[in-house]
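Let me begin by presenting the structure, written as structure tokens, before commenting on it.
The values are calculated or read from the model by the stated rules, or taken from the named source; none is laboratory data. Computed from a prediction, not measured in an experiment: that's the story for all the values here. Reconstructed Cβ throughout: ideal geometry from the backbone, glycine too, with neighbour counts over all protein chains shown.
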Amino acid sequence: MTSEAIPRMLGTRVLVRRELPSDRIGSIVVPERSRQTPQEGVVVAVGPEVTTLSTGNRVLFGRYAGIPVTLDERVFTLLWERDCMAVFEDGGVA
């Protein structure tokens, strides 16, 4: 994806690429309808008024937070900065 395809965010909006859930647990294949919606992702773009996040941060947010947006056949989530509950400092969960 090129940076030209990512729109400029306004205000305190944040564009996040959700991490896809695994389709397996060990050797068991999990059906798509049984997978949980991911609650973490990587910040792709931030608005000019965002103070606590920057591009590349891995964030935790509510399961049903934000608006799904499709750009170049990839699904992103458009959030308010306040919808992000935590930032992972080391890039992931221990």
> If you check VAL14 against the conditions, is it at pLDDT 95 or above and either surrounded by 14 or more Cβ atoms within 10 Å (Cβ to Cβ) or assigned to a loop (DSSP other than H, G, I, E, B) (or both)?
Replying inline: yes
> Of all residues in segment 1-11, which are at pLDDT below 70 and more than 23 Å from PHE88 (Cβ to Cβ)?
Replying inline: THR2, SER3, GLU4
>> Of all residues being assigned to a loop (DSSP other than H, G, I, E, B) and β-branched (Val, Ile, Thr) in segment 40-68, which is surrounded by the most Cβ atoms within 10 Å (Cβ to Cβ)? Just the residue, please.
In response: VAL50
>> Out of the residues in segment 69-90 meeting the condition of being under 17 Å from ARG13 (Cβ atoms) and aromatic (Phe, Trp, Tyr), tell me which one is surrounded by the fewest Cβ atoms within 10 Å (Cβ to Cβ).
In response: TRP80
>> Looking at segment 35-61 only, could you name the residues that are at pLDDT below 90 and either aromatic (Phe, Trp, Tyr) or closer than 14 Å to VAL87 by Cα (or both)?
In response: GLN39, GLU40
